[in-house]
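**Q** Sharing a structure with you now.
The values are calculated or read from the model by the stated rules, or taken from the named source; none is laboratory data. Note that the coordinates shown come from a computational prediction; the quantities given were computed from them, not determined experimentally. Here the Cβ positions follow ideal geometry from the backbone for every residue, glycine too, while neighbour counts run over all protein chains shown.
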Amino acid sequence: MRRKSLLLFVIFLLILTVIPTSSLAVESLNFQEEKNSSEIKNIKEKVEEKATEKILYKEAEELLLSHLKGLGQDIEAGSDEYSQFLLKMLIEDHDEELTKHKHYKSLRIYASEYLYQTETFGDVADEVTEMSIEQISKIANEEEMLMQLNTELIMDPNDEGVSILSSYSGSKAAQYALDWSTHGGKKRNPLYNKHKYDCTNFASQAVLAGGKKQNVPSPVKTGITQSTTRWYSIRYENWRSNHFVYAWNESTSWVRVVDFYSYWSQRVPTKNYTNRSSVISYANTGDIVQLRDDGGRRYHSMVVTAKTSNNLRVTYHTDGNGNDVRNQLITNISDKNRFTVLSFTR
């Protein structure tokens with residue numbers, strides 16, 4: 001009997017010893033499984049990120065066209081409708097389903113590059129369509145960095161952009177923007193040309209109305225002239241046998257987003273921001289705010305037409321429907337953008 005009791009006691013002690021050890025082993029196993037799961041998730045995310053980087057420009061375009069077709073929209077690349085869709089996507093992130101796509105960041109970079117290429121060159125070069133989004137983003141960021149480095153203010157009093165005679169009224173600039181825009185419509189001043197991407201042409205008009213002087217070369221070349229050292233839009237009568245039509249001589253700094261930045265960032269204080277709250281704090285009524293995709297190109301110009309303690313309102317031409325937008329809250333603009341304030345009021 002004593003032997004049996006002793007045996008039972010030994011077995012009991014062994015059980016007490018084994019149970020905690022087994023429990024620790026289970027806990028250790030669970031921890032290892034969680035660690036492995038976390039590592040697998042990280043690896044998967046890196047693979048997906050890498051896949052996103054390697055997607056080609058033409059593949060991004062195919063994805064967007066396929067998405068539009070799935071929505072029942074028979075839109076082709078190169079059409080006004082396609083450009084307007086890309087603008088709306090960049091400005092507002094308006095397509096909720098598309099924002100969840102694993103390649104959405106790449107699609108935004110593609111969109112800003114498409115708008116840059118078609119505004120600057122009229123079309124997208126074949127070599128660009130064969131490039132990866134990673135390559136395009138790298139080039140865009142390098143060119144942006146060079147532009148930002150080249151923003152030392154010109155102090156030459158003979159330069160029209162900085163002349164002491166060229167005072168500026170932010171309220172007049174804002175009022176012009178409101179006078180020559182109709183929310184959801186297309187209101188255009190006949191003294192100026194109209195463009196497919198009209199936002200910077202419109203911003204230039206507001207800046208002129210605010211008091212900045214045109215910087216016109218002599219002689220003036222016919223049509224649109226590539227320039228980031230001059231800034232002008234001149235209407236003239238183009239005669240045809242027994243009648244005339246109005247035509248314009250313009251600098252690219254008047255009508256293109258990137259060249260407007262290159263010209264004015266050397267003549268007025270300029271700040272680049274990654275968030276809207278900083279823009280709200282710094283910008284004043286009558287300043288110009290530009291949008292750049294995070295990882296892509298500058299693609300849009302807007303006039304600040306009102307400011308409160310905690311928000312800004314902006315007005316611009318050419319929204320996602322090709323129409324005007326009046327007094328839009330800047331907090332309604334996608335935070336996937338980067339922002340530039342060209343401060344004409346300082």
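**Q** Somewhere in the stretch 142-162, is a residue modelled with pLDDT of 95 or more, of a type in the set (A, V, I, L, M) and over 24 Å from Val255 (Cβ atoms)?
**A** Within the stretch 142-162, none of the residues are modelled with pLDDT of 95 or more, of a type in the set (A, V, I, L, M) and over 24 Å from Val255 (Cβ atoms).
**Q** In the stretch 76-93, which residue that is outside any helix (DSSP H, G or I) and on the phi < 0 side of the Ramachandran plot is surrounded by the fewest Cβ atoms within 10 Å (Cβ to Cβ)?
**A** Ranking the candidates gives Glu76 first.
**Q** Would it be correct to say that Ser112 is modelled with pLDDT of 95 or more and under 24 Å from Gly286 (Cβ atoms)?
**A** Taking the combined requirement at face value, the residue does not satisfy it.
**Q** Residues to consider are Glu134, Glu130, Glu81; find the one that is more than 27 Å from Thr228 (Cα to Cα) and at pLDDT below 95.
**A** After applying the criteria, what remains is Glu81.
**Q** Quick one: how many residues across the stretch 189-213 are under 26 Å from Glu81 (Cα atoms), touching a residue at least 60 places away in the same chain (Cβ under 8 Å) and not aromatic (Phe, Trp, Tyr)? Show your work before the answer.
**A** As a first pass, look at the stretch 189-213 and keep what is under 26 Å from Glu81 (Cα atoms): 189-190, 192-205.
Then keep just the ones that are touching a residue at least 60 places away in the same chain (Cβ under 8 Å); that gives 193, 195-203.
Filter again for not aromatic (Phe, Trp, Tyr), leaving 193, 195-196, 198-201, 203.
Number of matching residues: 8.
**Q** Here's something else I'd like to know. Looking at Lys212, Lys194, which one is at pLDDT below 95 and of a type outside the set (Gly, Ala, Ser)?
**A** Answer to the check: Lys194.
**Q** Another question, if that's okay. Taking the residues in the stretch 94-109 that are closer than 22 Å to Asp80 by Cβ and in contact (Cβ under 8 Å) with a residue 60 or more places away in the chain as candidates, determine which candidate is surrounded by the fewest Cβ atoms within 10 Å (Cβ to Cβ).
**A** For the stretch 94-109, the residue satisfying everything is His94.
**Q** Within the stretch 63-113, take every residue that is over 14 Å from Gly322 (Cβ atoms) and among the hydroxyl-bearing types (Ser, Thr, Tyr) and give me the one that is farthest from the chain's Cα centre (by Cα).
**A** Selected residue: Ser66.
**Q** Turning to a different aspect of this structure: Of all residues in the stretch 167-188, which are over 23 Å from Val258 (Cα atoms), modelled with pLDDT under 95 and either assigned to a loop (DSSP other than H, G, I, E, B) or acidic (Asp, Glu) (or both)?
**A** Matches in the stretch 167-188: Ser167, Thr182, Gly184, Gly185, Lys186, Lys187.
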